[in-house]
Amino acid sequence: MRILIALPTSRHIEVETSASLIGMHKVGEIGVYMPVGYSVDVSRNLIVDHAISNNYDYIFWADTDMIVPKDALIKMLSSGKDIISGVYSYKLLTGTNAVAKIKKNGIYKDIPLKKIRETNKIMEVDGIGFGCVLTKTSVFNALRKPYFKFTEVCGEDIYFCIKAQEKGYKVYLDTSIKCGHIGSVNYNI
């Protein structure tokens, strides 16, 4: 099993992010790819091309301001899901919503942290941020480029989720994987 740790960035990686990725429990053959100096959507598309051309089975996406739990990769792999995310909050002092969404009446709504903070389950969702996500590389073979794209109505991560769901893939959130999100303060769950 070959896993690519993918870090889309336009500038730098936080020290705490590096430490959490180094300390993460790993399995299989691990590679790391971090294109620098591109917009996030372009960087994500470059990462997918790299993963496909180098025959990686999975892409473990980590934003450069995330603190990833040690067992995140193991839990995500053991889920058997094609697309699965850990939980983290937006960088807001209120910290009331997860970067995960449920679609209601055609509109994406943030999932309140209070609904998932104390749970440890895998739940199907409609959209996720890509701060801590595992995708099977084979998912991208079913999609057309660009895989990620900013639009007037959504970010590159939701764009991907919509495209994947149109091809029959489901998107999951593992509420037992609680990540930190580094800002001027650490936005822990």
- Segment Cys154-Asn55, length gained on full extension (0.36 nm per residue, minus Cα span): 32.7 nm
- When all alpha-carbon pairs of the range 1-109 are counted, what percent fall beyond 25 Å? 25
- Task: Fewest Cβ neighbours within 10 Å first, please rank Val42, Val32 accordingly.
- Result: Val32, Val42
- Note down the nm distance, to one decimal, between modelled labels 7 Å out along Cα→Cβ at Ser176 and at Lys70. 1.6
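Need the full-extension length gain, Ser78 to Lys26, defined as separation in residues times 0.36 nm minus the C-alpha distance. One decimal, nm. Don't skip to the answer; put the middle values down first.
On the way: separation 52, 0.36 × 52 = 18.72 nm, distance 1.23 nm.
17.5 nm is the gain from fully extending Ser78 to Lys26.
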- In the chain, if every C-alpha pair distance is counted and binned at 10 Å from zero, what percent goes to each bin? 9, 40, 41, 10, 0
- Full-extension gain in nm, Asn141 to Lys109, via 0.36 nm per residue minus C-alpha separation: 8.7 nm
- Of Lys75/Lys178; Lys91/Lys145; Lys26/Lys115, which sit over 23 Å apart, Cα to Cα? Lys91/Lys145; Lys26/Lys115
- Item | Exposure proxy ranking, count of Cβ atoms within 10 Å, fewest first, for Arg144, Arg2 | Arg144, Arg2
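Coordinate-derived values only; no laboratory data. Here the structure is a predicted model, which is why all the values come from computation and not from measurement. As a convention, Cβ positions derive from the backbone with ideal geometry for all residues, glycine included, and neighbour counts pool all protein chains shown.
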